[in-house]
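Participant: Dumping the structure here so I can ask a few things about it.
The values are calculated or read from the model by the stated rules, or taken from the named source; none is laboratory data. What you are looking at is a predicted structure, and each value in this text was computed from that prediction instead of being measured. When we count neighbours, we look across all protein chains shown, and the Cβ atoms used for this are built from the backbone with ideal geometry, even at glycine.
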Amino acid sequence: MDAAYANDRPPRDATFVRRLREAGAILIAKANLGEMGTPNSRSSFGGPFCNPYDTERSPGTSSGGSGASVAANLVMCSICEQGSASCKGPASRNNIVSLLTTKGIMMHGGMNSQRVGDRAGIHCRTVGDAVQVLDAIKGFESSDMFTAIPEAFIPKEPFTSFVV
């Protein structure tokens, strides 16, 4: 029953969301996800979802909704979460860009899991779009111990300046 999720909102914006809003992003939705990484691409909240290029194929598991929403041109970009292949898999299945940085370049705060190996990623149609998102959300976050280490290694110029 979806009614139980009707008011399922976090008490505050995640750091990603806050920084994207500050950069002028228009946030339109939370993507559906395949629960527990199951290959059937089903969510108890949003129901089944599919690959926009072939509805008989899976868009990927846990971040499959993120990948499918970008591939279907519903959004320009989406934030994904990389556990094992949770960002890379949907990117390859949906023919989109997945940008995963070294842990600490982007904060992890607000993500579902806090396992040491997990990290946030970006799904976009183009590399240029992905680095624009990265420029908006990169950097130190006091609630995320991993972002304190590489702060000195983040270039002062925007990542978009490195895209040809």
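Participant: Among the residues of region 53-74 satisfying the criterion of being among the polar types (S, T, N, Q), in contact with a Ser or Thr (Cβ under 9 Å, 6 or more places away or on another chain) and assigned to a loop (DSSP other than H, G, I, E, B), which is surrounded by the most Cβ atoms within 10 Å (Cβ to Cβ)?
Facilitator: 63
Participant: Restricting the search to region 46-89, which residues are more than 23 Å from residue 137 (Cα to Cα) and of a type in the set (Lys, Arg)? Steps first, answer last, please.
Facilitator: Within region 46-89, the first condition is being more than 23 Å from residue 137 (Cα to Cα), and the residues that meet it are 46-61, 72.
Selection gives 57 alone.
Participant: Another one. Looking at (1) modelled with pLDDT of 85 or more; (2) over 29 Å from residue 51 (Cα atoms); (3) surrounded by 13 or more Cβ atoms within 10 Å (Cβ to Cβ), which is the one condition that is false for residue 157?
Facilitator: Among (1) modelled with pLDDT of 85 or more; (2) over 29 Å from residue 51 (Cα atoms); (3) surrounded by 13 or more Cβ atoms within 10 Å (Cβ to Cβ), the lone unmet condition for residue 157 is (3).
Participant: Kindly provide the set of residues from region 100-129 that are surrounded by 21 or more Cβ atoms within 10 Å (Cβ to Cβ) and at pLDDT 90 or above, ordered by number.
Facilitator: 122, 123, 124
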